[in-house]
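A short worksheet on the structure shown next.
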Amino acid sequence: IKLWKNSIFSSHFFVSPCLTKLLTYFLGHMTDLINTEKDLVVSLKDYIKAEESKLEQIKKWAEKLDQLTDTATKDPEGFLGHPVNAFKLMKRLNTEWGELENLVLKDMSDGFISNMTIQRQFFPNDEDQTGAAKALLRLQDTYNLDTDTLSRGNLPGVKHKSFLTAEDCFELGKIAYTEADYYHTELWMEQALKQLDEGEVSSADKVYILDYLSYAVYQQGDLSKAVMLTKRLLELDPEHQRANGNMKYFEYIMAKEKEANKSSTESEDQAEKETEVKKKDYLPERRKYEMLCRGEGLKMTPRRQKRLFCRYYDGNRNPRYILGPVKQEDEWDKPRIVRFLDIISDEEIETVKELAKPRLSRATVHDPETGKLTTAHYRVSKSAWLSGYESPVVSRINTRIQDLTGLDVSTAEELQVANYGVGGQYEPHFDFGRKDEPDAFKELGTGNRIATWLFYMSDVSAGGATVFPEVGASVWPKKGTAVFWYNLFPSGEGDYSTRHAACPVLVGNKWVSNKWLHERGQEFRRPCTLSELE
Ligand code: OGA
Ligand code: FE2
């Protein structure tokens, strides 16, 4: 059973650039890291206290001796004429100064350093830091965030505002640079420069920034801007070797381009225009997905809106719901997506989360080539499975799904609980297994995933929508609600319009829990129709 549990047959036609391994980190140990850091701060403070009290003792000694030596040097003979003074001088020099020396040499940092050594093994490494940076750049793209907004931490719904220093921006730019991502290199180097120009005190160096920036700009083909930036660099450091070399090179290329422009033909212009038109017409899925995540490109027309209703639903005269029907809203018409409101209580959510927490681990997907379960950048979340046997709450939830969908849950998979941290996402995929794939659900013997029930167990401050790029629909998480849709037509044929994705969380944390219902057991509950795609 473990073999198929986490598997999802994702036919993703594109490979997402950069939600990387670090996101695993994000989800895995981020809260532990906060505690680690807190611990270190406590022991650092202890160290400071110890060091301060040591310095205090040394200071007192110095003051005492200062006075004493003052009097003594003024009248050495008179001073030593007192036998006690003579004795004390001997004692001081023979033992007390030695003791002081020991005190000065005493290492107070033991506790802190050993704590640091222990904790260091849990620290993130370079790869993790790069991953975090890349995740930030990815979120910037998906949500079209302006660099300045991101740097000043002006994100919607944030509880703990945080901003980036010029140094941080420089760091992000450098990471983009090492990825040959000159677009982001330019954005972030420019931001670093802007913050320095505004007078931010920083160890970041304008010359370095301009060096990267001009190169990134050059790589993107804006020669005149590259020249302008290089000039600016040379004003700060006229001897800069690379900049001087680049300047000559830029001048050379510009001269060559001028030459070439003269002889360029009109047909080339025409060809260029044509490819531009093509570019506009063709929107790859990734673009559609990201637009929907931002709340753009929604295909909700007044005509469609008119067909969507809300109602009280009694589960088709289910005895458990006749007296207390539930609120149901149509989210979309084709594929039909409905949302149930107030369908899981806060207490139930808490129970489900508590049961899942100790078991949450990085969600995996089915590798179509090897048939094995692996982690993938296109699915970044943590998940756990809850059985109806282990808790009356889970069992009650399963029954609720059965009552309200009219489908048999005995053939369904266990309740899956998923948690998405910042950057957590699940790129466009189908929940059902396609004909051309090795049968993922064979072992189960319950057929394909006929339908999906998805509880939203938290609100999300920003991002985290469930979107359907094929049809231009998006569903926003709302705590206590659930959405339901059929993945298969009654004939058993897969409904490709159900392709969907979980948008990356921008701010906050997203909890969902879902039930995948299977074909077996539904033969009389959802009989086949005459046509295949009906
Ligand atoms: C899934 C899924 C959507 C979401 O887990 O298969 O599509 O919004 N989740 O979490
Ligand atoms: Fe899904």
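The values are calculated or read from the model by the stated rules, or taken from the named source; none is laboratory data. Here the structure is a predicted model, which is why all the values come from computation and not from measurement. Positions of Cβ are generated from backbone atoms using ideal geometry, with glycine treated the same way; all protein chains shown enter the neighbour counts. Ligands, DNA and RNA are stripped out before the accessible areas are found, and what is left, the full protein with its side chains, is counted by its heavy atoms. Shrake-Rupley method; radii C 1.70, N 1.55, O 1.52, S 1.80 Å.
Filter region 435-460 down to residues that are closer than 16 Å to L341 by Cα and in a loop (DSSP other than H, G, I, E, B), then give me how many there are.
Residues that pass the stated criteria total 3.
Would region 491-502 turn up any residue that is away from ligand 1 (no atom under 16 Å from the Cβ), under 26 Å from the mean Cα position of the chain (by Cα), touching a residue at least 40 places away in the same chain (Cβ under 8 Å) and within 30 Å of A135 (Cα to Cα)?
No, region 491-502 contains no residue that is away from ligand 1 (no atom under 16 Å from the Cβ), under 26 Å from the mean Cα position of the chain (by Cα), touching a residue at least 40 places away in the same chain (Cβ under 8 Å) and within 30 Å of A135 (Cα to Cα).
Only residues that are open to solvent by 10 Å² or more (accessible area, probe 1.4 Å) and over 19 Å from W485 (Cβ atoms): list them for region 422-445, please.
Hits for region 422-445 are V422, K435, D436, E437, P438, D439, A440, K442, E443, L444, G445.
For region 385-402, indicate whether the set of residues that are within 14 Å of ligand 1 (Cβ to nearest atom), open to solvent by less than 20 Å² (accessible area, probe 1.4 Å), in contact (Cβ under 8 Å) with a residue 60 or more places away in the chain and not in a loop (DSSP other than H, G, I, E, B) is non-empty.
The answer is no; no qualifying residue exists.
Would you please name the residue that is surrounded by the fewest Cβ atoms within 10 Å (Cβ to Cβ), looking only at residues in region 111-154 that are among the small types (G, A, S) and within 18 Å of the chain's Cα centre (by Cα)?
G153
Counting only residues that are assigned to a loop (DSSP other than H, G, I, E, B) and either within 16 Å of ligand 1 (Cβ to nearest atom) or of a type in the set (K, R) (or both), how many does region 507-532 have?
Result for region 507-532: 5.
Is one or more of the residues making up region 199-209 at pLDDT 80 or above, assigned to a helix (DSSP H, G or I) and not hydrophobic (A, V, I, L, M, F, W, C)?
yes
Just name the residue that is least open to solvent (accessible area, probe 1.4 Å) out of those in region 492-506 that are more than 9 Å from ligand 2 (Cβ to nearest atom), closer than 26 Å to G421 by Cβ and not in a loop (DSSP other than H, G, I, E, B).
V505
Got a number for residues in region 426-462 being within 11 Å of ligand 1 (Cβ to nearest atom) and either without any contact (Cβ under 8 Å) to a residue 40 or more places away in the chain or on the phi > 0 side of the Ramachandran plot (or both)?
0
Across region 416-452, what is the total count of residues that are within 16 Å of ligand 2 (Cβ to nearest atom) and closer than 23 Å to G508 by Cα?
Within region 416-452, residues that are within 16 Å of ligand 2 (Cβ to nearest atom) and closer than 23 Å to G508 by Cα number 10.
Quick grid of which residues meet (1) without any contact (Cβ under 8 Å) to a residue 40 or more places away in the chain; (2) in contact with a helix residue (DSSP H, G or I) (Cβ under 7 Å, 6 or more places away or on another chain):
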| residue | (1), (2) |
| --- | --- |
| S114 | yes, no |
| H160 | yes, no |
| E179 | no, no |
| Y182 | yes, yes |
| E186 | yes, yes |
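If you take the residues of region 188-211 that are surrounded by 23 or more Cβ atoms within 10 Å (Cβ to Cβ) and of a type in the set (A, V, I, L, M), which of them is farthest from A135 (Cα to Cα)?
L210
Can you name every residue in region 370-397 that is within 18 Å of F455 (Cβ to Cβ), among the basic types (K, R) and within 30 Å of the chain's Cα centre (by Cα)?
K382
Over 20 Å from L233 (Cβ atoms), part of a loop (DSSP other than H, G, I, E, B) and touching a residue at least 60 places away in the same chain (Cβ under 8 Å) - does that describe any residue in region 124-136?
yes
Run W485 past the list (1) in a loop (DSSP other than H, G, I, E, B); (2) within 22 Å of C310 (Cα to Cα); (3) open to solvent by less than 20 Å² (accessible area, probe 1.4 Å) and report the number of the one that doesn't hold.
Single failed check for W485: (1).
Of all residues in region 155-187 being of a type in the set (S, T, N, Q) and assigned to a helix (DSSP H, G or I), which is least open to solvent (accessible area, probe 1.4 Å)?
This residue is T185.
Can you say whether Y378 is under 21 Å from F484 (Cβ atoms), buried (at least 18 other Cβ atoms within 10 Å of the Cβ) and within 16 Å of ligand 2 (Cβ to nearest atom), as far as the supplied structure shows? Steps first, answer last, please.
Values: under 21 Å from F484 (Cβ atoms): no; buried (at least 18 other Cβ atoms within 10 Å of the Cβ): yes; within 16 Å of ligand 2 (Cβ to nearest atom): yes.
Criteria not met by Y378.
Does E519 qualify as being open to solvent by 20 Å² or more (accessible area, probe 1.4 Å), away from ligand 2 (no atom under 16 Å from the Cβ) and at pLDDT 95 or above?
Here the answer is yes, as E519 does meet what is asked.
Looking at region 319-354 only, could you name the residues that are touching a residue at least 40 places away in the same chain (Cβ under 8 Å), part of a strand (DSSP E or B) and touching a helix residue (DSSP H, G or I) at 6+ places or on another chain (Cβ under 9 Å)? Can you show your working first?
Residues of region 319-354 that are touching a residue at least 40 places away in the same chain (Cβ under 8 Å), as a first pass: 320-321, 326, 331-332, 334-346, 348-349, 351-353.
Still in the running and part of a strand (DSSP E or B): 326, 331-332, 337-341.
Correct list: V326, W332, I337, F340.
Looking at (1) surrounded by 17 or more Cβ atoms within 10 Å (Cβ to Cβ); (2) under 27 Å from the mean Cα position of the chain (by Cα), which is the only condition E350 fails?
(1)
Taking the residues in region 461-475 that are open to solvent by 10 Å² or more (accessible area, probe 1.4 Å), assigned to a loop (DSSP other than H, G, I, E, B) and within 16 Å of ligand 2 (Cβ to nearest atom) as candidates, determine which candidate is modelled with the highest pLDDT.
Looking at residues that are open to solvent by 10 Å² or more (accessible area, probe 1.4 Å), assigned to a loop (DSSP other than H, G, I, E, B) and within 16 Å of ligand 2 (Cβ to nearest atom), I get V471.
Can you give me the number of residues within region 435-468 that are basic (K, R) and out of contact with any strand residue (DSSP E or B) (no Cβ under 6 Å at 6 or more places or on another chain)?
Residues meeting the conditions: 2.
When both residues are 6+ apart or on different chains and their Cβ atoms are under 9 Å apart, which pairs have a first residue that lies in region 355-382 and is of a type in the set (S, T, Y) and more than 16 Å from ligand 1 (Cβ to nearest atom), and a second that is at pLDDT below 80 and open to solvent by less than 20 Å² (accessible area, probe 1.4 Å)?
As it stands, the answer is T374/V365, since those pairs meet every condition given.
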